[in-house]
Each structure stands twice: as C-alpha cells, then as structure tokens.
1. Being buried (at least 21 other Cβ atoms within 10 Å of the Cβ), under 19 Å from B:Arg231 (Cα atoms) and more than 15 Å from the chain's Cα centre (by Cα) is the filter here; which residues of region B:180-208 pass it?
2. Which of the residues belonging to region B:94-110 are of a type outside the set (Asp, Glu) and either within 17 Å of B:Ala148 (Cβ to Cβ) or assigned to a loop (DSSP other than H, G, I, E, B) (or both)?
3. Does B:Pro143 fit the bill of being touching a residue at least 60 places away in the same chain (Cβ under 8 Å) and not aromatic (Phe, Trp, Tyr)?
4. Could you tell me which of the residues A:Leu233, A:Leu253, A:Leu245 is over 17 Å from A:Leu190 (Cβ atoms) and surrounded by 14 or more Cβ atoms within 10 Å (Cβ to Cβ)?
5. Residue under question is A:Arg236, and the condition is that it be more than 25 Å from B:Thr268 (Cα to Cα), of a type in the set (Lys, Arg) and either free of Cβ contacts under 8 Å to residues at least 40 places away in the same chain or in contact with a Cys (Cβ under 7 Å, 6 or more places away or on another chain) (or both); does it hold?
6. When you scan region B:263-303, how many residues do you find that are of a type outside the set (Gly, Ala, Ser), within 14 Å of chain A (Cβ to nearest Cβ) and under 22 Å from the mean Cα position of the chain (by Cα)?
7. From the list B:Thr252, B:Thr240, exactly one residue is polar (S, T, N, Q), away from chain A (no Cβ under 14 Å) and farther than 30 Å from B:Ser93 by Cα. Which is it?
8. Looking at region B:48-85 only, could you name the residues that are in contact (Cβ under 8 Å) with a residue 24 or more places away in the chain, under 16 Å from B:Leu328 (Cα atoms), of a type outside the set (Gly, Ala, Ser) and not in a loop (DSSP other than H, G, I, E, B)?
Amino acid sequence: MKAETGRSKRLETVVSIILLGIISIICLCIILRQSPRITQSGDVPDLLSLTPQGFTAPSITEVYNSGNLYEKINGKAPQYTESGFERLFTQRFAGDNDELIELYLYDMGNLRNAFSVYSIQKRPQTEALPNTKFGYKTSNSLYFVHGKYYIELIAYSESEKLIEAMVQIGKSLRGKLEIDQTAEIAELSLFEQENIVAGSIKLYLANTFGFEDLTETFSSRYIIDGQAVTGFLSKRTNAAEADTLAKSYSDFLIENGGSIKKAINKNIGSTVKNQSLKIFDFYDTTEIVFSTGPFVAGVHEAENQQAAEKLALLFMNKLAGMVKSK
Amino acid sequence: MTKRTQSKIDRRRFLSRSAKAAASIAAAGIVAATLYDKEGPRTGIGSDELVTLRDFSVEHRPGKIMSVVKGPDRTGAVNQALDLLGGIERFVSQGDTVAIKPNVAFASSAMLGATSNPELVAEVVRLCYARGKAKKVFVLDNPINDPASCFRWSGIGKAVSQVGGKVILPRESMFRHTSLEGGKLIRNWPIFSEPLEKVDKLIGIAVVKDHQHSRASMTMKNWYGLLGGRRNIFHQDINTIIAELAMLVKPTLVILDGIQTMITNGPTGGSLSDLKQTNTLIASCDMVAADSYGCGLLGLKPSDLPYLGKAENAGVGTTDYESLKPMLAI
C-alpha cells in the first residue's frame, strides 16, 4: 500500500511539473511576442562604430521584427515579412547642416530572400556599385546585398560628400558582418547572357505574375530586335512537377482572359506540336509557357510576338542543354 | 497502522495538497494579471462612449467643387487652385479654428516625397490666417514613426511654427473610440479625434504616392493618419478601410499635391529616382474626384483602385471628375 501510494504521488508530481512547465513556456512565448524589441544581447550589430568621419550618430540603433516592422516602413512591411524577413536594424548618421544618412539593414534569413527583395525593388537605369555582385546607387542612395542581408543607405539630401560617406559605411559594414561565403543563387547562371539587360534579373518568391502557384521564379529583361521582352524561369523538384505547373499556369491564363494563338516562327511551331509549349494572346500581349526537364519557363506579356518567340527559343535551347548535360 | 490513522494521514495529506494547489493557482493568477494586456481591444463599449466626427464639409457650388493647376511652383499653384474655387475665404471664416491634416507619416526628408511638402503646408496655414482670418490653425497627424521625429525631419514642424500654426502631437488621451455606421472595419476603433472636437474646419493635404498595398496613397488614404491602435491589421483589407475612412471623415477641403509624384517604391520611397515631376496640384471638396484625377499621375485609372468604387457606391463622391467640370489652370 505504501509503495503504491509512493508511486502515485511521484506520478502526480511528474504530471504537475509537466503541466507547470507547459504553462511557463506559454507565458514565456507571450512575453516574447508582446515585447518585440527584446533581442539577445550581443545579437544587435554594432552599427554605431560605422559612423564615418565628420558624422555623429544622433540616435540609438533601432531594431524591428516581423511584429512591428510596419511601424518603420508601413505598407512596405509585407514585402519583407512575406519574403523570410527576420529583423531590421536602422541607424542614423548626422553630418553638418542637417545632413543625414539612414542605414536600413534587413536580415532576410538567407541570400535568396535578400536577393529577392533587392531585385524586386531595384530602380531602373542606375549605376552599379563597384566590387559588389548585387548593388547599385542613385543620386542619394545605395542599395546592395551582402549574404543574407539587404542593405539600404539613404541620404536626405544630394551631395558627393554624402555618397562618399555612404560608400564608406557600406564598406565597413561588409567587413563587419559575417556571412556564408559559399552561398550562391544557382539559377542566375541559367539565363542566356546575350541581349540581357544588365541587372534586370528578379526573383519572385511567391505569387509571380499574380499566380499563386508560381513560386521561386526568376525573370529578366532582354532586348530582342530592339524590343524589350521579359523572360522567366523556375526550377522545380522534377520534370513532372514542372510539367504540372506549366499546365496550371496555362489554365490560369485562360481563366483570366487569355487565348491560345499560333506561332509565327516555324522553328517554335514544330516545338509547339511536340512539347508543352503554348503561346497565348493575353490582352494584346504575348505570353509563352513551356516546361523542359525540371524547369518551367517562358515569356511574359511581350508586346511583340516575334521577339517573344525568339526569346522563348533562346531559353528552350539553353535549358534543354542543361537538362541533357545532367 | 489502524484505519483511523490512515484516514488522519489522508486528511492531512489532502489538506496539504489542497493548500499547495491553491497556492499554485493563486500564483498563476498573479502572473496572468501582471501580463494582462490593458491595451488590448476593448469590447462592450457603451454606445454613448463612442464619438462621432463632425461633418466639416461646406456646401458644394456647381462648377466650383474641384480645381486643377499645372505648374512646378507649389505656393503659386495652391493659391491659384483655391482662388479658382472662390478663395480660402469660402472655406475658412473669420474666427474659425482650423485643423490641417497633412501626411507626416515618416521621419524622412521632404525631398524624398514620402510626406507632405512643408512649404505647401505652411502656405495653407498662412492663407488660413491671412485671408481666412482664422483664429487658430492646428496641424496634426498620427504618424507611422515617432511623431516628434516625423514633424522634425519632414520639415513640417518648423515650417508650420514659422507661420503661426500649432503642431499637435498625438497622445493616448487624445484618442476616442468611434464606429462607422454600417462599417465593417471601423468599429469601436480609436481615432485621433479629441483635437477635432474643438475645430470648425478640417483640411487634408496629401501627396500622390505609389503604395505597395493599395497601389496609390492620396487624399482618402491620408485619413489613415487619424487611426490609432494597431491599425496595420487593416492592411489586409486596405480598400475597405480607405473607403470607410472616406465615409467617416467629411473634410472641408482636400489638397492633393502632385507637383512631384512618387511613382514607385511607395509609400516610403527612398531614392530620388522614385519621384517624377508631374507639376499638378488639385484642390477639391470631393475626395473621390480628387483621387480619381490624381491616380492618372501614377499611370492608373480609377477602375484600378477598388477603394474609389467602394467610396463612390457609398455616396462619398464621384470618380467621374469630368462631370464636376473642374476648373483648370495651366
């Protein structure tokens, strides 16, 4: 009897401890959720040390997570939170006469996510940043990717002095932030380089061209016979998935007002008969969709069908070569 | 051991365990009370505690509901736009207390175009005093970033003070709960309304901006700056909230600054290359009409902005701004 009582008491104690442990964990989660600015000590990069000569840091480093990112960038927040955003660190640097630079350091979790938000927001006709794989500058700002980080440096007025200061900050930041040097975006090498508009490659992580299932999709601009044309490609897990996705996207185009049309180019014409390639008239633009191996690819909203078909052929040949070599 | 000893021991154990359980429950209760979020959504607010925003609108005069001025100079354009509608005197009377609600959402320089231009805001304040003979002009907003920083870095705080206007920074005590009759989203929601209880006229000054969510931010979206609470949840139904704001707020006049338009990367922008010189300023008693004209500066049509249709269907205004025969000046 004594032994049984002892066992049941131990059992009750164990169960109680487990229940209290669960309640404690719930409480801790609530505390962490409701205190968005709590960060682990040593986790916030030392941005104050980036202060360039002749500047001061008039404020502390601000930290934002997905719960309160909107408090800093408002309506733009979902663009980041839906792309793997983890944290934003911001820091201001003040010069003379109200000169101000603001640094936005977005931790996007990985290189791919950082490249996505960088590429989608990239301004056209900008100057590439030297010694930077993904980076550009405008008359008052710098934008670049460094590993898992997407970085913006914005000056509140235009001047060479501020540009130089931002370049200095960017350099120091790259030296300070540890990144995975081996990370790369493999799909970038899949794009035909001839006639490509430099720096035009974008990565859509989701909802590409308004189609929910078209995830992890790259697009790029080409100049074909003087016409600007957008091509796209997405690498799926296998050929079956790619084929299914190509068909789904085709159905999506039809459901939204597209209609199938004939090819102009006889080379692509023979391809249409044999493979999944389809050409659509989509509100007086040309849309082309096909799959080859694990790739879904095509042309998006081209104004000129002939140029669109030429680009599609370029993509097909390049991707077919990739598939064959494997 | 006898049965009696066993039961005594059981009772003792029972009482001991009961006391421990009670202590645990009490401790849990104390922790819960400490963590209780007082700022959480209020429910059960009596209808007599809800405020209703006043109707600040003035009578529409046919042919003088909307004006559009083309040109690069904001100060000149706003004077001309107002004169085409009858002058500021038509809207602001002697002795009036006026509230101006510009876009001061971000702590960023006016140069970046994410906030209302300080010179424009100051000119409207000056006109209210100089020609409208206003008694007092307040300038207010509930910005996204820290309010004091926003008024400082946008330049609006300084510009307004220099012409005798008074900036009102939001404080919790200035928010009152309101419900929009028939509204889906604005129900028992805090708005920055206490300063508006003391004013006679309300003027909105907005910029034309691309917006990541709503595609455009103009005069109707400008009223987002009166919302309190965790208003970001409304982004999930952005078109409805903008339409409801336009139904809730009935201003005297709106001014839409399209002298420079943020055509991409809105609402924050960041690069000067996000801006395009569009040299257009609109003054209007009809927000829907103003925004319908303004969206053209972004390369959009009114049909591209669902909130315009929603507001029009609710009777707020018309997307057919041509029917108002707007006064044009080039």
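The values are calculated or read from the model by the stated rules, or taken from the named source; none is laboratory data. Not measured: the values here are computed from a predicted model. Heads up, the Cβs are rebuilt from the backbone with ideal geometry, glycines too, and the neighbour counts pull from every protein chain shown.
1. none
2. Initially, region B:94-110 is screened for residues of a type outside the set (Asp, Glu), giving B:94-95, B:97-110.
Across region B:94-110, the qualifying residues are B:Gln94, B:Gly95, B:Pro102, B:Asn103, B:Val104, B:Ala105, B:Phe106, B:Ala107, B:Ser108, B:Ser109, B:Ala110.
3. Yes, satisfied.
4. From the options A:Leu233, A:Leu253, A:Leu245, the qualifying one is A:Leu253.
5. It is false that A:Arg236 is more than 25 Å from B:Thr268 (Cα to Cα), of a type in the set (Lys, Arg) and either free of Cβ contacts under 8 Å to residues at least 40 places away in the same chain or in contact with a Cys (Cβ under 7 Å, 6 or more places away or on another chain) (or both).
6. Result for region B:263-303: 5.
7. B:Thr240
8. Within region B:48-85, B:Met66, B:Val68, B:Val69, B:Lys70, B:Arg74, B:Val78, B:Asn79, B:Gln80, B:Leu82, B:Leu84 qualify.
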